[in-house]
Amino acid sequence: MHGPGPRLHGAIALLVLCLVSASARPAPRDDSLYRAFGGREGLAALMADFVPRLAMDTQIGRYFTSTNRDHLARQLAAQLCEVAGGPCTYEGPAMAPAHAGMAITKADFNRLVELLQASMAARGVPFRAQNRMLALLAPMHRDIIERE
Ligand code: HEM
């Protein structure tokens, strides 16, 4: 009778070792999206383009008339950095309280997404990275939109 043989034993031992070491260490952070946006500098430049677009927009600009734009740009850069797997922590209010009482509509939300797309394209963010970011932000609509 032949057993499984030393090669198979070796392979199994290796597999077990991999599983054990993978569970012992935290998974390395995937910061590929953060890097595709050019890191902190890229995100700061993106927000320097995006926030004025918001404020000047004929459809949603009125929401931002009394907004501190530098503050908003910094908060958004930190939030997108965190969402993209970068080394940042967004420390501002959660999306529901941050937008409560503004009566933001679905159309307003879609308009903001269009403006963000325009900024990402203007900054040369690769299309796939644009879409990955939008997919991460999209679920926030539940906390931001208050009416049809
Ligand atoms: C995915 C979509 C959105 C994200 C990620 C987002 C993110 C943020 C963040 C991080 C802040 C800063 C909160 C703070 O520090 O107080 C903020 C504030 C704000 N957002 Fe949004 N937002 C989104 C959609 C919208 C939309 C659709 C509107 C309106 C059309 C809007 C209007 C505002 C306004 C007016 C403020 C407050 C600025 C102020 O303090 O005066 N946001 N948002």
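Taken together, the values in this text are just the output of simple stated rules run on the coordinates, not laboratory data. Worth saying up front: this structure is predicted, and the values here are computed from it rather than measured. Glycine gets a Cβ as well: all are built from the backbone with ideal geometry, and neighbour counts include every protein chain shown.
Please give the net charge around Pro97, taking every other residue with its beta carbon less than 15 angstrom from that of Pro97, where Lys and Arg add +1 and Asp and Glu add -1. Computed value for this residue: -2.
Taking every DSSP helix (H) stretch of at least 4 residues in the chain, weighting each as -39,500 (n - 2.57) and dividing the sum by the residue count yields a mean residue ellipticity at 222 nm of -19500 deg cm²/dmol. With each label modelled as a point 7 angstrom along the Cα→C-beta vector, the Asn110-Ala45 pair spans 3.2 nm. The stretch between Ser66 and Arg35 holds 7.9 nm of extra length on full extension. This uses 0.36 nm per residue minus the Cα-Cα distance. Shown for the range 31-144 is the translational diffusion coefficient from the Stokes-Einstein equation, using the Kirkwood radius over Cα pairs, a temperature of 37 °C and a viscosity of 0.692 mPa s: 230 µm²/s. Return one number: the angle in degrees, 0 to 90 and rounded to the nearest 10, between the long axis of the Cα atoms of helix 127-137 and the longest principal axis of the Cα atoms of the chain. Result, in degrees: 80. Model label sites at Glu91 and Leu134, defined 7 Å from Cα along the beta-carbon direction, differ in position by 3.3 nm. When the Cα positions of Ala48, Gln117, Pro87 are compared along the charge dipole of the chain, Pro87 comes out farthest toward the positive end, with charges on each C-beta of Lys, Arg, Asp and Glu. Taking only C-alpha pairs under 8 Å that are 6+ residues apart, what is the relative contact order of the chain in percent? Relative CO of the chain lands at 27 percent.
Label separation (Ala24 vs Ala11): 2.4 nm, computed from points 7 Å beyond Cα along the C-beta direction. Our estimate of slack between Arg142 and Ala121, defined as 0.36 nm per intervening residue step minus the Cα-Cα distance, is 5.0 nm.
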